[in-house]
Amino acid sequence: MSTAAPRDDRSRVAVVTGGGRGIGRGIVEELAAARFSLVVNYRDDLESAAACCRQAESLGSPTAIPIRADVSDLVQGRRLIDETIGQLGRIDLWVNNAGVAPRVRRDLLEVTPESWDHVVGTNLRGPFFLTQSVSGALIRLQEQGLVREPQIVFITSISSTHASINRAEYCVAKAGLSMVAQLFAVALAPRGIRVYEVRPGIIDTDMTRAVHEQYSERIAAGLSPIRRWGTPRDVGRAVAAIASDSLPFSTGEVIHVDGGLHLRTL
Ligand code: NAD
């Protein structure tokens, strides 16, 4: 029988950016079941974020609160960190989940600077500077003895490595974000802060609604070895596994949640 004192999971705090729906909500649900207190960040849909918080508390989260912030805005990002610490006192897990697809899928030769700025600003520039600020906050919380070994997770995409020429700006942003995860993993490891990349494949959310029929046919035909759509809770379970502290000697690790889509076959 283990003699180790049980860890008090109830007091741990996780922040999930864009947590009100889709993959973010799947992550919130799994972390709630693991008894994390939660901040559900949202940009403009308070109703969904508030409903998500109520659900989180019904699943076991001691407290779940919505906080508004646009993660592509650096000032709002810093306010999200400050408000979290102000209201919940600590941050043990930061999940960079919020992201956007191009408003219009255009061929590589037709990508507009506006779409580039929108997608790269939200999916790469925003999370980079936000994580810079989060890192500083986590180090201060450690120095104050308020957290021990906090963790950061980046939700990237199969698009980090797989070229889709009808959404180049998304692929570029996600490939960049994969490197951002590695950089912060290296920089923060000596301080006992571990960083992970969760790389989803094709997940059934609003983001993939427009291509649902097309992907359903390709999945049924064997696009991924596991022939089904991924669900937000598939991704949530991977994040909850990281949050369970089961990977103490791993950092910068990529966890594929894609039914094997990334595997090369012959
Ligand atoms: P979604 O569109 O359902 O949800 C995205 C969430 O992010 C929404 O709540 C949205 O309001 C929020 N958001 C967008 N811009 C924001 C901003 N500037 N500030 C704060 N919040 C913002 O999409 P999803 O499928 O749940 O995607 C979540 C993440 O997973 C994204 O980073 C996406 O790129 C990634 N991803 C999705 C898939 C997929 O197949 N659905 C696959 C791989 C990776």
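Every read-out reported here was derived from the displayed coordinates using simple, explicitly stated rules and does not represent laboratory data. In this text the structure is predicted, and so the values were computed from the model without any measurement. All Cβ positions, even for glycine, are placed from backbone atoms using ideal geometry, and neighbour counts span all protein chains on display.
Placing a pseudo-label 7 Å from each Cα along the Cα-to-Cβ vector at Ser11 and Met207 gives an inter-label distance of 3.5 nm. Among the trypsin sites (Lys or Arg not before Pro) in segment 1-104, those placed in a DSSP loop whose Cβ has at most 12 other Cβ atoms within 10 Å are Arg7, Arg103.
Other residues within the sphere of radius under 10 Å centred on the Cβ of Leu124, judged by their own Cβ, net out at +1 (K and R +1, D and E -1). Over the chain, the Kirkwood radius and the radius of gyration, each from Cα atoms, give a ratio Rg/Rh of 0.96. Spacing of the modelled spin labels on Ser58 and Thr265, each 7 Å from Cα toward Cβ, amounts to 3.9 nm. Angle of helix 126-143 to the longest C-alpha principal axis of the chain, folded into 0 to 90 degrees and rounded to 10: 20°. Convex hull volume per residue, computed on the Cα atoms of segment 1-130, equals 129 Å³. Looking at the square roots a ≥ b ≥ c of the eigenvalues of the Cα gyration tensor of segment 118-200, which shape do they give, rounded for a/c under 1.5, prolate if a/b is larger than b/c, or oblate? Judged from the Cα gyration tensor, segment 118-200 comes out prolate (a/c at least 1.5, a/b above b/c). Over the residues of the chain, the helix contribution to mean residue ellipticity at 222 nm works out to -13000 deg cm²/dmol, using -39500 (n - 2.57) for each DSSP H run of at least 4.
Taken as Cα centroids, segment 23-48 and segment 214-261 sit 19 Å apart, rounded to the nearest whole angstrom.
When each of the peptides 148-157, 221-230 is scored by the mean number of other C-beta atoms lying within 10 Å of its residues, the order from highest to lowest reads 148-157, 221-230. Where a ≥ b ≥ c are the square roots of the eigenvalues of the C-alpha gyration tensor, would you call segment 135-266 rounded, which needs a/c under 1.5, or, failing that, prolate if a/b is larger than b/c, or oblate? Prolate is the answer for segment 135-266, as a/c is 1.5 or above and a/b outweighs b/c. The alpha carbon gyration tensor of segment 58-157 gives principal lengths a ≥ b ≥ c with a/c of 1.5 or higher and a/b greater than b/c, which makes the shape prolate. For the pair Arg218 and Gln144, label points projected 7 Å from Cα toward Cβ lie 4.7 nm apart.
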